[in-house]
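Report on the following structure.
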Amino acid sequence: MKAILLSAILNLLVCINIYANLEVDSLKIDKCSCKQDLTPSGIMISHVHLKNQVMVSYRFMSMQMSGMLYGSTKVDNDLIFQKYLMSSNNMRMDMHMLMAMYGISNRLTAMGMLNYNVLSMDMSMLEGTSHSHSMAGMDMQTNEMDMKLKTSGFSDIRLHLLYSILNNIQHHILVSGGISIPAGNIYLKGNDKSMYPGQRIPYSMQLGSGTWDILPCVNYLHRNNKISWSTQLSAVLRTGYNSLGYKLGNEIATNNWISFLWLRSFSTSVRIEGTLADHIDGRDKILYLFNEPSCNPLNYGGRKLIGFAGASYNFTKGILFGNKLGIEYGIPIYQNFNGVQLALNNTINASWSYMF
């Protein structure tokens, strides 16, 4: 946690120091069309666009999780079964994102993101046992060994305005303000073959937050011939409780990356992402707290550091001019969760964008 907070403070100090020490002449707007953008695939906010310039993109993000952590300590199912009826074995989260950006002016850019999520979780119960419990007044018995939950659908919509405080050939500082519109379903129920027949499923398998969220961000980008590097601080701030009586935890994230342009079109990157998130405040009273760890709102949030390696290819000529392909692969460096949660194994980001 200290490392993440320190990185956040350093991000702000870097932006303030660079801006304060620049000469007045260097504040002229860069007329570059950003065709040689070296931003890694997993970064959404890094620069503004010129007036009337448009960028559209498709992004795929996948996270694989397995094994349970209590804080930062690996635990087995025997320990989980001492408190919960079920234990999560693994989970996969896939997100398909459509994003569009439009340059309102040379300094101001509008951005919108629409996501479609596909979630699946495998759970298990101690072999040879049978549990009886009540969910919303309904008694239920089961001794099945393995069960799976699956959900899919559109999640919350995000809208941003990006404003460039500084945008020249080498230095680029921007601030962004955004909102998350609660379009994702938070009332999803399980099917008859799941642990939640006709009942609402846990928070992690729902598609949205149910709240209007504020999304601030500040980003510094430095470009110097073949090398680009950036530091970013962003947050997700929940504005209140949703209609079910809970709110997801506030989040703060830092991203630091560097890219190197090996050829005219090909670059590689390394990135460190740190996140700090609160647990869920309040609870959905329909969920039975001790059915499984993901039903307990205290088993959410924590601290993570993830390291990424990536590559990008910009098409600089021909009929594909303006297109960009990117991919990143990430693994956890440090994980320390609130309560008991599935550990992150790896994450993949892939993207295609077109600028015109």
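The values are calculated or read from the model by the stated rules, or taken from the named source; none is laboratory data. The structure displayed is predicted, hence computed values, not measured ones. Methodologically, a virtual Cβ is constructed for each residue, glycine included, from the backbone with ideal geometry; neighbour enumeration extends over all protein chains shown.
Things worth noting here:
- Search result, residues across segment 24-46 that are within 15 Å of ILE165 (Cα to Cα) and either among the β-branched types (Val, Ile, Thr) or at pLDDT 90 or above (or both): VAL24, ILE29, ILE45, SER46
- Selected residue (criterion: surrounded by the most Cβ atoms within 10 Å (Cβ to Cβ)) from residues of segment 324-333 that are under 17 Å from TRP262 (Cβ atoms) and out of contact with any Asp or Glu (no Cβ under 8 Å at 6 or more places or on another chain): GLY326
- When ASN291 is tested against (1) surrounded by fewer than 18 Cβ atoms within 10 Å (Cβ to Cβ); (2) part of a loop (DSSP other than H, G, I, E, B); (3) over 20 Å from the mean Cα position of the chain (by Cα), exactly one condition is not met: (1).
- Matching residues in segment 190-202 - criterion: being surrounded by fewer than 14 Cβ atoms within 10 Å (Cβ to Cβ) and not small (Gly, Ala, Ser): ASN191, ASP192, LYS193
Yes/no per residue for (1) under 14 Å from the mean Cα position of the chain (by Cα); (2) assigned to a strand (DSSP E or B); (3) modelled with pLDDT of 95 or more; (4) crowded, with 21+ Cβ neighbours inside 10 Å:
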| site | (1), (2), (3), (4) |
| --- | --- |
| ILE214 | no, yes, yes, no |
| ASN242 | no, no, yes, no |
| SER259 | no, yes, yes, yes |
| ARG264 | no, no, no, no |
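- Look at segment 51-73: where a residue is of a type in the set (D, E, K, R) and a partner is surrounded by 15 or more Cβ atoms within 10 Å (Cβ to Cβ), sitting 6+ places away or on another chain with Cβ atoms under 6 Å, you get LYS51/GLY103; LYS51/ASN106; ARG59/MET97; ARG59/SER351.
- For segment 294-323, the set of residues classified as touching a residue at least 12 places away in the same chain (Cβ under 8 Å), among the aliphatic types (A, V, I, L, M) and either loosely packed, with under 15 Cβ neighbours inside 10 Å or not in a strand (DSSP E or B) (or both) consists of LEU298, ALA309, listed by residue number.
- Of the residues PHE308, PHE290, PHE356, PHE337, the single one that is touching a Pro at 6+ places or on another chain (Cβ under 9 Å) and among the aromatic types (Phe, Trp, Tyr) is PHE308.
- Near pairs, Cβ below 6 angstrom, 6+ apart or cross-chain, from segment 332-356 (touching a residue at least 12 places away in the same chain (Cβ under 8 Å)) to any residue that is charged (D, E, K, R): GLN335/LYS304; ASN336/ARG303; ASN349/GLU328; SER351/ARG59; SER353/LYS324
- Scanning segment 54-110 for residues that are touching a helix residue (DSSP H, G or I) at 6+ places or on another chain (Cβ under 7 Å) and among the polar types (S, T, N, Q) yields SER87, SER88.
- Restricting segment 334-356 to residues that are hydrophobic (A, V, I, L, M, F, W, C) and over 24 Å from LEU38 (Cα atoms), the residue that is surrounded by the fewest Cβ atoms within 10 Å (Cβ to Cβ): ALA343
- Total residues in segment 142-170, condition part of a strand (DSSP E or B), modelled with pLDDT of 90 or more and in contact with a strand residue (DSSP E or B) (Cβ under 6 Å, 6 or more places away or on another chain): 14
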